[in-house]
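Working notes, structure below.
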Amino acid sequence: MLKTDSLQPHDYIEQHKLRLSYMPWLFYSLKEKHLLWARPWQEAIQAQWQSLETVTLGKNVFIAPSAMLFAEPGRPIVIGDNTTIGAEAVLHGPIEIGSHVAINHHATLDGGRKGIKIGDRTRLAAYTCLYAFNHGMQAEKPVMSQAVTSQGISIGADVWIGAHVGVVDGVTIGNGAVIGMGSLVTHEVLPLTKVAGNPAKLIGQRT
C-alpha cells in the first residue's frame, strides 16, 4: 500500500500530468499555480515535435507526452489553436486539424497520400481510427504486393465521432454530423445527421 505521507510535491505533479494526458480538456481550467509547471512542460513537448517532424502548431495547443506525431517532409501535420491531442494517439500526416478540436486518447489518424482534414470544434472520442488509404485486393497476388490508393478523408466542423469508430478512405463527413459509438463509416455522411452501425446508416437528425 502506498503511504501518502511519503509522497512529495513532484509525485502529485506527475499524477496531474498523467490525468491531463488522458483528459486534456482539463488543461484549460488549470489554476495559475498549476500553469507554472504545465506551460513549460507543454512548451518543451511541442518544441521537440516541431524540431523533429514537419509539425505546425497553433496557440494554446495541448499534446500528451505519449502521443506520437509522424510528419516527414511532404506529409505535414498542422494543428490549430486550442486543440488537444490525448495520450497514445498516433497521427501520421498529411493531416490538417482546425481550432478547438479534441483528439482523444488512443485515436489513430493516418493521412495516406491525400490527407485528412478536420474542421473546427470537432470531437474524436477514444480509439477512433481514420485511415485515408487502402490496399488493392485482387485475388491474383498477395495484398502486400498490391498498390496502395488514397483519396483522403474530410471531416467538417462541429462533428462528434464516438468511441471506437472507424472511418475509411474517401469518406466526407458534413458539418454538425454525429457518428455513434462503434460505427464503421464507409460512405458520405450529410451535415447535421446522426448515423450509427456497421456500416453506418442514418438514424436521425440533429435538428
Taking Cα centroids, how far is segment 131-158 from segment 164-207 in Å?
19 Å
What is the calculated FRET efficiency for residue 44 to residue 72, with r their C-beta to C-beta distance and R₀ = 22 Å, to the nearest 0.05?
0.50
Report the one residue of 153, 79, 173 whose Cα lies farthest in the direction of the positive end of the charge dipole of the chain (charges on C-beta: Lys and Arg +1, Asp and Glu -1; origin at the Cα centre).
173
Cβ-based charge dipole, the chain, positive-most Cα from 182, 37, 128
182
Magnitude of the Cβ-charge dipole (Lys and Arg +1, Asp and Glu -1) of segment 7-205 about the Cα centre, nearest 20 debye, reported as 280 debye
Candidate lysines for bridging to residue 17, where Cα separation is under 20 Å - those fewer than 8 sequence places away on the same chain excluded
31, 33, 59
Residue 113 to residue 139: extension gain in nm, 0.36 nm per residue of separation minus the Cα-Cα distance?
6.9 nm
Using alpha carbon positions and the Kirkwood radius, the Rg to Rh ratio of the chain is 1.04
Segment 7-205: antiparallel bridges as % of DSSP beta bridges, rounded to 5, reads 15 percent
Plugging the Cβ-Cβ distance of residue 30 and residue 56 into 1/(1 + (r/R0)^6) at R0 = 35 Å yields, to the nearest 0.05, a FRET efficiency of 0.90
Could you put 114, 141 in order, starting from the residue whose Cβ has the fewest other Cβ atoms within 10 Å?
141, 114
Qualifying lysines (Cα of each under 27 Å from Cα of residue 194; at least 8 residues distant if same chain)
114, 117
Among 139, 126, 157, the residue with the largest mean-square fluctuation in a Gaussian network model of the chain built from Cα contacts under 10 Å is 139
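Read-outs: derived from the displayed coordinates by stated rules, not from any lab. Values in this document were obtained by computation on a predicted structure and should not be read as measured data. Positions of Cβ are backbone-derived with ideal geometry, glycine not excepted, and every protein chain shown enters the neighbour counts.
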